[in-house]
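Presented below is the structure to which this report refers.
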Amino acid sequence: MGLGPWTGPFSPPHVRLSPSLRPPDGFAAFFENGPDRLRPDSFSETTKTRESWTHLRAPGFSIFTKGNMANYYTNISMVLSLPNQAAQEYALNLAQRASQVQQGDEPPSDFPKDLADVIEDWTFETDADHSAEGHGIWLHSDTGGVDALCAFLRHLLQKFNPQGHAAFEWSHDCSKPRVDAYGGGAALVTATKIQTMNTGQWLQERVSKLAAAKESSCPAS
């Protein structure tokens, strides 16, 4: 079913379901070591009905899970300025086609390959931005889609602003104070390069350095 790996103690569980499998078709999440530890490899089909499950949101997917569980979110919100109305319409139309492909439609013959490669991660929304003069698009999500958003931004920069850049941050959030729920990251995108960082990786690297320094300072027995 295309289930993703457990991402460790500093990030929420990034579990991805195949686009062909959507609730409430019958997925049950089984938990061990208490309700805070979702095991992505433990999903299985079940005959439970929609009414017997509460809605759980996690980055990039939704399931129904029994009991009083937490909702996980990955929040993104940014505006990309574009040079004219034609560029804005191109971006909106391309985003709409990508969303349709992500939901199972066949991609058009002229659909960009760089976007097709990340289509399963296309969970953000794209709207025309009218908050300021000029033409822009508002890209936002509470279910993630960082990889697809970076690819989309790079595509638009290559086409309309090769010397420009785009930047955004994202945050992990949860409806309950789970110890593994919070964090975030940032992305810097140009027409030729995508650079990202996340706070979980940053923290793990520094904890590892502290542990290595402590070990090297201990006298050999």
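Can you name every residue in region 171-191 that is within 26 Å of PHE160 (Cα to Cα) and outside any strand (DSSP E or B)? Listed by number, the list holds a single entry, ALA191.
Total residues in region 63-82 satisfying the condition of being surrounded by fewer than 16 Cβ atoms within 10 Å (Cβ to Cβ) and at pLDDT below 95: the figure is 3.
Residue count for region 97-126, restricted to those that are without any contact (Cβ under 8 Å) to a residue 40 or more places away in the chain and either assigned to a loop (DSSP other than H, G, I, E, B) or more than 18 Å from the chain's Cα centre (by Cα) (or both): 12. Out of ASP142, ASP127, one residue alone is at pLDDT 95 or above, within 21 Å of PRO112 (Cβ to Cβ) and acidic (Asp, Glu). It is ASP127. For region 190-221, a residue qualifies if it is of a type in the set (Lys, Arg) and either loosely packed, with under 10 Cβ neighbours inside 10 Å or under 30 Å from LEU156 (Cβ atoms) (or both), and the qualifying residues are LYS193, LYS214.
Just to be sure, is ALA181 surrounded by 15 or more Cβ atoms within 10 Å (Cβ to Cβ), at pLDDT below 95 and over 30 Å from ASP110 (Cα atoms)?
Taking the combined requirement at face value, the residue satisfies it.
Does LYS193 fit the bill of being modelled with pLDDT under 95 and among the basic types (Lys, Arg)? Against the criterion (modelled with pLDDT under 95 and among the basic types (Lys, Arg)), LYS193 does not qualify.
The values are calculated or read from the model by the stated rules, or taken from the named source; none is laboratory data. Values in this document were obtained by computation on a predicted structure and should not be read as measured data. Cβ atoms come from the backbone with ideal geometry, glycine included; neighbour counts cover every protein chain shown.
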